[in-house]
Amino acid sequence: MISTTIDDHGIAEVVMDNPPVNALTVAGWFELADVVRGLGENRDVRVVVLRAEGRGFNAGVDIKEMQQTEGFDALIGANRGCFAAFAAVYECAVPVIAAVNGYCLGGGIGLVGNADVIVASEDATFGLPEVDRGALGAATHLSRLVPQHRMRAMVYTSAVATAAELHEYGSVLRVVPKDGLRAAAMEVAEEIAAKSPTVIRAAKESLNGIDLWDVKRSYRYEQGFTFELNLSGVADEHRDAFVDKRETDTKK
C-alpha cells in the first residue's frame, strides 16, 4: 500500500498504491503517518516526495470499510488516522513535495494542503466532496490552496478546482504533463537536497513557527462537526447511499 525508497541524494520517495482509487483504510492512514514522520527523523533524508500510482493521488478514506465495520471504531480510526497523517506531513522535519496526479479528494486535500511544495499533472483536480458524504473536514487545508470564498463555494457544492487554477493562485508550483510528473517533482527535490540539510531543516521549523494557521487545532475543530453529523444519523445515510450508488435522502 505504501512503499518507500531513499536515493543517494537523500531524496525519500513515498508512493501510495491502493487500487482501485487510492482511498486509504484506517491502517493505511496510520502507516502513512508513521512512514513520513520516520523519514523526517532520519538524518540521511533531506526531502520527501509524496506521490501515488494509479488514476489519482488520493480519494480520501475508505468509506466501504467504514460502512462494513460495526459501531464507531472505523469512523474514529479514520478521523484519528487522517489527523495523524496530515500532522506528519506538516511536522515532517524536512520539506515534503506532493506530486499530484488525477483526483485529489477529501483526505488527499489534507495531505497536499499541509505539504511544502506541490507539483501537479495537467489532469489533476482538487476537491472536498465531504458534504456529499455527510461529513466535514480538510477545509482547513483547502484554505491553504484556494482563496477563502472559492473554498467556501467548493465545500458547499463539492465542486473541484483544476491544477491550472491552483497554479494561478500560487499554491501549485508547476503543472506538467502526466508522464513528466515524477521527473518534475524529483527536479524540485534535487534542488532542495543540494542545500545544507541543517539549514533546510531549520527553515522548515521556522516556517511552521510563523504560519498563520494552527492546522492541527483547526482541523480538529472541523472533525467535531463530523462526529455530530454521525450521531444525528445523517452521515450514515450519505455513506450508505455512496456505497449503494443511489441518490442520497437530503430531507434532513
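Readers should treat all values here as calculations from the given coordinates under stated rules, not as data from a laboratory. Since the model is a prediction, treat every value here as computed from it, not as a measurement. All Cβ positions, glycine included, derive from the backbone under ideal geometry; neighbour counts span all protein chains shown.
Worth pointing out:
- The calculated FRET efficiency for residue 231 paired with residue 157, based on their beta-carbon distance and R0 = 22 Å, is about 0.30.
- Angle in degrees between helix 234-244 and the longest Cα principal axis of the chain, rounded to the nearest 10: 80
- Each part reduced to its alpha carbon centroid, region 170-242 and region 59-136 end up 8 Å apart.
- Rounded to the nearest 10 degrees, the angle from helix 73-91 to the longest Cα principal axis of the chain is 20 degrees.
- By the count of neighbouring beta-carbon atoms within 10 Å, fewest first, 45, 172, 112 end up ordered 45, 172, 112.
- Debye log10 I(q)/I(0) at q = 0.19, 0.23 Å⁻¹ for region 148-214, Cα point scatterers: -1.01, -1.05
- Distances between every pair of Cα atoms in the chain, grouped in 10 Å steps from 0 to the bin holding the largest one, split as 8, 33, 37, 18, 4, 0 percent.
- By the count of other C-beta atoms within 10 Å, a proxy for reagent exposure, 196, 218 are ordered fewest to most as 196, 218.
- For the chain, the number of Lys pairs separated by eight or more positions or lying on different chains, with C-alpha atoms closer than 25 Å, is 5.
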